[in-house]
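Each value in this text was obtained by applying a stated rule to the coordinates, not by laboratory testing. Remember, predicted model here, so these are calculated numbers, not experimental data. Counting neighbours? That spans all protein chains shown, and the Cβs are built from the backbone with ideal geometry, glycine included.
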Amino acid sequence: MCGPRVAADVQRLAFAADEFYGIHDRWPSHAELLAIDDSMPERDVWGHEYTFEFDAEGHLQVRSPGVDERRHTADDIVSWVMRGGQRFEERQVVQQLLEERAARERAGERPRR
């Protein structure tokens, strides 16, 4: 059952790249992510390097070629398409809402539902 592990790895790399984009306004290379966090996966379970691929709009997908070692075939394992900082921005909004809620609770206000 190697597929689920590789699927988790490609998504972890994609999320980390999206976070990087949210901070630096550009996509990182795989090497940059490895330099920032050495626990990031470098290769899939079959020994292939993960690749970062971009579409015409500049959106990112992280890809493992799968067991057949060829990219863009049926057994590839790919991340969700990342749109550049979107998840980072969403997390910032959620964090702000949580902080506002905590401030209201400290002030004795009743929580909104």
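Details
- In loop segments of the stretch 1-60 as defined by DSSP, the GluC sites (Glu not before Pro) with at most 16 further C-beta atoms inside 10 Å of their C-beta are GLU42, GLU57.
- Separation of the VAL94 and GLU32 label points, Cα + 7 Å toward Cβ, nm: 2.4 nm
- Taking ARG106, ARG12, ARG83 and counting other C-beta atoms within 10 Å, the order from fewest to most: ARG106, ARG83, ARG12
- The stretch 3-84 - Rg (one decimal) and Dmax (whole number), Cα, Å: 12.0, 36
- Using the Cβ-Cβ distance between ALA7 and ARG43 with R0 = 22 Å, the FRET efficiency computed as 1/(1 + (r/R0)^6) comes to roughly 0.90.
- Sequence-separation-based contact order of the stretch 3-84, relative, with Cα cut under 8 Å and 6+ spacing, percent: 33 percent
- Residue order, fewest to most beta carbons within 10 Å, for PHE54, PHE20: PHE54, PHE20
- Long-range tail of P(r) for the stretch 12-53 (Cα pairs > 15 Å, %): 36 percent
- FRET efficiency for ASP75 and ASP55, using Cβ-Cβ distance with R0 set to 22 Å, rounded to 0.05: 0.60
- Counted by neighbouring Cβ atoms within 10 Å, the residues LEU13, LEU34, LEU60 run from fewest to most as LEU34, LEU60, LEU13.
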